[in-house]
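Take this structure first; my questions come after.
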Amino acid sequence: MPVNMDCLQNIIAGQIKNNFNLNLFFNNIEEEINIGNEFIVFLLGIKSEGQTDISKLADFAADTALASFYQINQYIQIAGSDKDNLKNIYIDTFNRINDKNSHDTMINHHMQLSAWLSRFYPESFIRALRFNKKIGNVINNEYSPEFQEKVLGIDAAELMEPILDMGCGKNANLVTRLKESGKNIIGIDRVISVNDGSAKKISWFDFNFEKSHWGTIVANMSFTNHMIYSMANEKDRIYDYLILYKKIIESLKPGGRFFYAPSVQSVEERLDDHVYDVEREIMSGINATKLTRIC
Ligand SMILES: C[S@@+](CC[C@H](N)C(=O)[O-])C[C@H]1O[C@@H](n2cnc3c(N)ncnc32)[C@H](O)[C@@H]1O
């Protein structure tokens, strides 16, 4: 009898979790990989049974691995075929593994993951990480709706609709709160755990920002945080962020507002002040911007 998909997914998530803090750039990675025997038996079992949708399972494995890579380094941005390439590593491992080569195949699998991940890290980081067995995770917090409203200076009653929360967090805290108070709002994030339709799993780079559509856009510690990181560390990505920033503000209706933190003063100063009004304020130690499209 085929095993139920939820059960399969739990076992795969468990195996990925067992290696969560493993530094994929460590020189002697093969000594550190945690390969559960039960996991191998399970994998060989579903392979011999031949009834499982492997593409769906590999898709789940790629999403789970991505969520843990983001937790370790929130500034990784995958685009285009990156996710398909990651998914193909899982499919390839599944196709190759058998009862004679399972250990070597799993080691090779982690080498492939390491090669895939290396393109998102500067060479100097990878060199420095070669000697660490474990990797720490960077704080990538979600904030309470009250805190977000305070930092951004939002008065829910005054928000023009529809509302978009960019990088709303996997639990979409602010979206849930504003939805409960009757607002027409949707969140987007590359990692989403809510499944009531209030948030969509998509990268802001792939989202279609229609012109003159949104009454309010909110982005707390998300879009501009990444934009600032890019300005400091990823010179070749800056233009992607600047182009997207322009698309975002053009997607506001006249009178609509973009509330975000942290501020990006150097970009804000270049805007046409006949079209956009910018107010900046420091709240709870964070520089936040309220941008209004005048016309
Ligand atoms: C620090 S969290 C803030 C979450 C939320 N705004 C809050 O204040 O609770 C930043 C969020 O940006 C999301 N993010 C990063 N890059 C993204 C992208 N390219 N597209 C969509 N969301 C992204 C992350 O997944 C994360 O949930």
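The values are calculated or read from the model by the stated rules, or taken from the named source; none is laboratory data. Being a predicted model, the structure only gives us computed values, none of them experimental. Glycine gets a Cβ as well: all are built from the backbone with ideal geometry, and neighbour counts include every protein chain shown.
Would you check if there is a residue in the stretch 216-227 being small (Gly, Ala, Ser) and part of a strand (DSSP E or B)?
Yes, because at least one residue in the stretch 216-227 is small (Gly, Ala, Ser) and part of a strand (DSSP E or B).
Let me ask something additional. If you take the residues of the stretch 182-191 that are modelled with pLDDT of 95 or more and over 20 Å from Lys247 (Cβ atoms), which of them is farthest from the chain's Cα centre (by Cα)?
Looking at residues that are modelled with pLDDT of 95 or more and over 20 Å from Lys247 (Cβ atoms), I get Gly182.
Residue pairs, Cβ under 9 Å, 6 or more apart or interchain, first in the stretch 34-54 and touching a residue at least 60 places away in the same chain (Cβ under 8 Å) and β-branched (Val, Ile, Thr), second in a loop (DSSP other than H, G, I, E, B) and surrounded by 14 or more Cβ atoms within 10 Å (Cβ to Cβ). List them.
Ile35/Asn19; Ile40/Ile97
Can you tell me which residue is farthest from Phe60 (Cα to Cα) among those in the stretch 193-207 that are in a strand (DSSP E or B) and under 13 Å from the mean Cα position of the chain (by Cα)?
The qualifying residue farthest from Phe60 (Cα to Cα) is Lys200.
Check off (1) more than 12 Å from the ligand (Cβ to nearest atom); (2) touching a Ser or Thr at 6+ places or on another chain (Cβ under 8 Å); (3) part of a strand (DSSP E or B) for Glu210 and give me the number that stays unchecked.
Checking Glu210 against (1) more than 12 Å from the ligand (Cβ to nearest atom); (2) touching a Ser or Thr at 6+ places or on another chain (Cβ under 8 Å); (3) part of a strand (DSSP E or B), the one that fails is (3).
I would also like to ask the following. If you go through the stretch 139-164 one residue at a time, how many are near the ligand (Cβ under 7 Å from one of its atoms) and surrounded by 20 or more Cβ atoms within 10 Å (Cβ to Cβ)?
The total comes to 1.
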